[in-house]
Amino acid sequence: MKKIRITFQILLVVVLIGGFSQSCTKLDETVYSDLNGDKLFSDPDNLIYGLGVAYTNLYQLLGHKYGAVGMDAGTDLCVVPQRGGDWYDGGEWIRYHRHTWTPQEAYISRWWNVLYYGINTCNRLIFTFETLEGVDPKPAIAELRGLRALYYWWLVDIYGNVPIVDKFDVPDDYKPVTNSRKEVYDFIESELKEVMPELSKNTGLEYFGRVNYYVAQTILAELYINAEVYTGTPQWEKAEAAVDTVMAGGYSLAGDFFSNFEEDATASPEYIFGLHFDRVDAPAFEIHLFTLHYNLADKYKFEDNCWNGISAQETVFHLFDADTNDVRRNELLFGFQYFDDGTVVQDPSYEKFNPQDPTYRDPDGAPLNLTPHINMLEPKCLRQAGARVAKYPFIVGSDRYTSNDMPIFRLGEIYLMKAELRLRAGDEAGALEYVNRLRSRAGATPLTELTMESLSDEYARELFAEGKRRTQLIRFGHYNDARWEKPDVSPDYTTIWPIPQAQIDVNPNLVQNPGY
């Protein structure tokens, strides 16, 4: 059972849902029987309580099967193959893998809806705080604007051209117009620069899941390092200045790579911004069920069944061929699977020999052997095919949701960005310094030379299943490449998703992205 900490997110969920414990024994506290803004926020220390609902939206965004890990399924890292009658889902995962999606896809609508829900929530809270009397709301408003900028960074990265909505008091029939990608980029940059002086430079547990000065600088770094994609004009020097500011913020690499993804990662010195999932108090993360083979639920004593879905592509497994001592290889679960007593996990429903389809059979029989090789994308991927996502250590006894923590921004990514920026500036030695810090932490042999291709491989090893690969591949010019079970180079327009058709149907002011 996870040791529950009264962290920012968990506390705010309780307050905003309205649950006050009947067993509270602190007799000198102020009791708010009517939680309206005038009473609750008359004490400036209570402004923190109003922020929570804007942050808890992140759990639904990133913990879902379409979330951070699912985002890697449209790249060269992960895949959700069709296993007979399972995981066809109307063909959405096949289209996702092959970049042939449509404006009707569920994941395209979900990202849009959850992101704009977060933005609308920030707008509502900013409007509320601006009307308060007797308190200084500027730090809280700055934090909300920083969080809103993060939501907009995802929008400009994924959809490109989207509406900028920064007001809550709009008419009921308000239908925003589409802003250009450059306009959204400028808005994010302006917002972050304006709020930076009001943001706290405190770090540690208090700011594990809150926007502080260094989170804002990290968003700026992400914005600038992708500026050429977003606007056509590179901003490498601005990106490096933001990266350097973050690196000066007192963060350090965790000694244990996997401590960043365990049940309680709040002590990690590497986290710049993250989510503290909890199966009871903050339930949303379902990667263990999404990835593990059906018959592994018993091994880990899960209360829910596993779904046998997302797997690592074979190319990821081979990234570690030259250095099997790299601990990041353990991000993948592969090979024969055993119970604690040493007996092999069995799959009684394995694919038996069928003379009508002699190639569609499990060569290992009932013993469960997760093979890095995946025989096909669709329609008859073997039940055991594919190494599974083990980056977030499996917690025995989990139910549908797991309590692993998830980084949104961590120093490991900042080091890779620094290496990339040094390499782009012609400083290979400087770039190698930061890559080899990560490799040394992982127990891998230091590199003696670095190219953009080998740096891309290092991004894959370090940030596998963190939802960062799509953006990085687009920046490196390789997102649309042909690859396993994707024989064609995708059209350029697929580097951004379509605007969801359901949104255009209700708002004719929206303009569909080119190509769709």
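The values are calculated or read from the model by the stated rules, or taken from the named source; none is laboratory data. This structure is a prediction, so every number in the text was calculated from the model and none was measured. Backbone-built Cβ (ideal geometry, glycine too); neighbour counts: all protein chains shown.
Observations, loosely collected:
- Within the stretch 391-400, one or more residues are of a type in the set (Phe, Trp, Tyr), in a loop (DSSP other than H, G, I, E, B) and in contact with a His (Cβ under 7 Å, 6 or more places away or on another chain).
- Near pairs, Cβ below 9 angstrom, 6+ apart or cross-chain, from the stretch 389-416 (at positive phi) to any residue that is surrounded by fewer than 24 Cβ atoms within 10 Å (Cβ to Cβ) and among the basic types (Lys, Arg): GLY397/LYS301
- Scanning the stretch 197-233 for residues that are under 21 Å from GLU420 (Cβ atoms), in contact (Cβ under 8 Å) with a residue 40 or more places away in the chain and either in contact with a Pro (Cβ under 9 Å, 6 or more places away or on another chain) or aliphatic (A, V, I, L, M) (or both) yields a total of 9.
- Count of the stretch 315-327 residues which are buried (at least 18 other Cβ atoms within 10 Å of the Cβ) and touching a Gly at 6+ places or on another chain (Cβ under 9 Å): 1
- Among the candidates ALA431, ALA444, ALA465, the residue that is assigned to a helix (DSSP H, G or I), of a type in the set (A, V, I, L, M) and modelled with pLDDT of 95 or more is uniquely ALA431.
Quick grid of which residues meet (1) basic (Lys, Arg); (2) touching a residue at least 12 places away in the same chain (Cβ under 8 Å); (3) in a loop (DSSP other than H, G, I, E, B); (4) more than 18 Å from VAL511 (Cβ to Cβ):
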position	(1), (2), (3), (4)
THR121	no, yes, no, yes
ALA140	no, yes, no, yes
ARG145	yes, yes, no, yes
LEU155	no, yes, no, no
GLY160	no, yes, yes, no
PHE168	no, yes, yes, yes
LYS182	yes, yes, no, no
VAL195	no, yes, no, yes
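- For the stretch 281-293, filtered to residues that are at pLDDT 95 or above and part of a loop (DSSP other than H, G, I, E, B), the residue that is surrounded by the most Cβ atoms within 10 Å (Cβ to Cβ) is PHE285.
- Output for the stretch 203-260, where each listed residue is closer than 17 Å to LEU463 by Cβ, hydroxyl-bearing (Ser, Thr, Tyr) and touching a Phe, Trp or Tyr at 6+ places or on another chain (Cβ under 8 Å): THR218, TYR251
- Among residues of the stretch 90-114, those that are touching a helix residue (DSSP H, G or I) at 6+ places or on another chain (Cβ under 8 Å), of a type outside the set (Phe, Trp, Tyr) and in a helix (DSSP H, G or I), counted: 5
- Test for GLU189: is it of a type outside the set (A, V, I, L, M, F, W, C), in contact with a Lys or Arg (Cβ under 8 Å, 6 or more places away or on another chain) and surrounded by 15 or more Cβ atoms within 10 Å (Cβ to Cβ): no
- Filter result (surrounded by 16 or more Cβ atoms within 10 Å (Cβ to Cβ) and part of a helix (DSSP H, G or I)) within the stretch 129-138: PHE129
- Candidate set from the stretch 77-86 (those that are touching a helix residue (DSSP H, G or I) at 6+ places or on another chain (Cβ under 6 Å) and part of a loop (DSSP other than H, G, I, E, B)); member that is surrounded by the most Cβ atoms within 10 Å (Cβ to Cβ): VAL80
- Residues that are of a type in the set (Asp, Glu) and in contact (Cβ under 8 Å) with a residue 12 or more places away in the chain, drawn from the stretch 321-337: ASP323, ASP326, GLU331
- Taken as a whole, the structure places GLY412 among residues that are assigned to a helix (DSSP H, G or I), surrounded by 21 or more Cβ atoms within 10 Å (Cβ to Cβ) and out of contact with any His (no Cβ under 7 Å at 6 or more places or on another chain).
- Qualifying residue in the stretch 174-181 (condition: more than 24 Å from the chain's Cα centre (by Cα), of a type in the set (A, V, I, L, M) and closer than 23 Å to GLN503 by Cβ): yes
- LEU150, sole failed condition from (1) surrounded by 21 or more Cβ atoms within 10 Å (Cβ to Cβ); (2) of a type outside the set (Gly, Ala, Ser); (3) not in a helix (DSSP H, G or I): (3)
- Any pair with Cβ under 9 angstrom, 6 or more apart, that starts in the stretch 485-498 at a residue that is on the phi < 0 side of the Ramachandran plot and in a loop (DSSP other than H, G, I, E, B) and ends at one that is of a type in the set (Asp, Glu) and loosely packed, with under 15 Cβ neighbours inside 10 Å: VAL489/ASP481; SER490/ASP481
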